[in-house]
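Report on the structure given below.
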Amino acid sequence: MKFVPRQLGETADNSRGGKEGWRSRLKGVVSAVVILSAIYLALGVIADLSVGLVSEQTEADWFAWADEVLLDTAEQPSAEVQAIFDKLIADSNLRPYPYRLLILPDPTPNAFALPGGTVTLTKGLLDLVETEIGRALVIGHELGHLQHRHGLKRLGRSLLLAGAMSLVGLDSSDLLRQTPLLAEMKHSRAQEEESDTFGLALVYAKYGTTEGALEFFEDINMIQSDQGNGVIRDMKSWLQTHPLTEDRLDNLHRQAVELEDES
């Protein structure tokens with residue numbers, strides 16, 4: 001009997017690292033990005049909904065330790081600064097936190113709000129912003145973070161996200177982890193804009209004007225005037241957790257006009 005060799009069908013030659021290999025890897029990366037993005041969005045919804053179950057007093061009790069840590073170095077505000085704070089927190093629409101204002105002896109202009117009702121300003125910020133209404137907007141912005149419970153929401157998202165990353169075997173050095181982190185940065189920028197809007201509306205409600213309220217942002221914009229342009233500027237805006245100062249100023253100027261027109 002004559003032997004006739006059997007013809008083999010076409011097979012993919014993966015050993016040569018051809019197009020099929022790259023396509024397969026690309027599909028894997030895209031699938032992972034889609035899955036991680038979906039996980040991020042789902043965890044964000046869960047975290048935000050969970051925050052609504054926590055009372056303001058419970059939140060304050062949870063983070064009382066942070067106040068104690070700050071008190072080791074913090075100073076009590078001057079009568080003038082405390083009066084601004086008291087004027088703003090007297091607004092009946094604010095959440096019922098046990099509000100507190102602390103001053104840190106840090107020369108860098110900065111301000112932040114801790115979950116639970118504590119607002120902290122630095123000496124550097126008070127040196128930079130000297131007018132009452134300018135300081136009021138900075139404080140109002142931080143009260144906006146508290147009003148929308150941004151700090152607690154960010155913490156909840158971070159904890160859930162870290163747990164999810166661990167479950168799928170990703171650590172902080174993994175490139176794919178940057179996908180949800182970039183989404184989180186965009187979420188943070190949205191929170192900053194939300195707090196800007198809230199703060200300016202609160203200042204207008206208490207002072208009847210917004211004139212001079214943008215002092216802090218105008219000063220910071222001058223300091224950071226070299227923001228770049230074109231693609232570089234767009235990338236900075238995308239990667240920063242805060243919107244570009246000039247963009248914030250544009251938004252606040254528009255809001256100020258709208259507030260004045262509505263009165």
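The values are calculated or read from the model by the stated rules, or taken from the named source; none is laboratory data. This is a predicted model, so every value here is computed, not measured. Glycine also receives a Cβ, built like all others from the backbone with ideal geometry; neighbour counts cover every protein chain displayed. Note: areas computed on protein heavy atoms with side chains; ligands, DNA, RNA excluded. Shrake-Rupley method; radii C 1.70, N 1.55, O 1.52, S 1.80 Å.
Here are the numbers:
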| read-out | value |
| --- | --- |
| Residue match in region 107-115 (condition: under 14 Å from Val138 (Cβ atoms) and in contact (Cβ under 8 Å) with a residue 60 or more places away in the chain) | yes |
| Matching residues, region 78-97, being over 23 Å from the mean Cα position of the chain (by Cα) and either within 26 Å of Gly52 (Cβ to Cβ) or not β-branched (Val, Ile, Thr) (or both) | Ser78, Ala79, Glu80, Gln82, Ala83, Asp86, Lys87, Ala90, Asp91, Ser92 |
| Near pairs, Cβ below 9 angstrom, 6+ apart or cross-chain, from region 57-75 (touching a residue at least 24 places away in the same chain (Cβ under 8 Å)) to any residue that is part of a helix (DSSP H, G or I) and of a type in the set (A, V, I, L, M) | Glu59/Val51; Glu59/Leu152; Trp62/Leu152; Phe63/Leu152; Asp67/Ala60 |
| Of all residues in region 61-92 being in contact with a strand residue (DSSP E or B) (Cβ under 9 Å, 6 or more places away or on another chain) and aromatic (Phe, Trp, Tyr), the one that is most open to solvent (accessible area, probe 1.4 Å) | Phe63 |
| Where a residue in region 129-147 is surrounded by fewer than 21 Cβ atoms within 10 Å (Cβ to Cβ) and its partner, wherever it lies, is of a type in the set (Lys, Arg), with Cβ under 8 Å and at least six apart | Gln147/Arg95 |
| Residues (open to solvent by 30 Å² or more (accessible area, probe 1.4 Å), assigned to a helix (DSSP H, G or I), of a type outside the set (Val, Ile, Thr) and modelled with pLDDT under 90) located in region 45-60 | Asp48, Leu49, Ser50 |
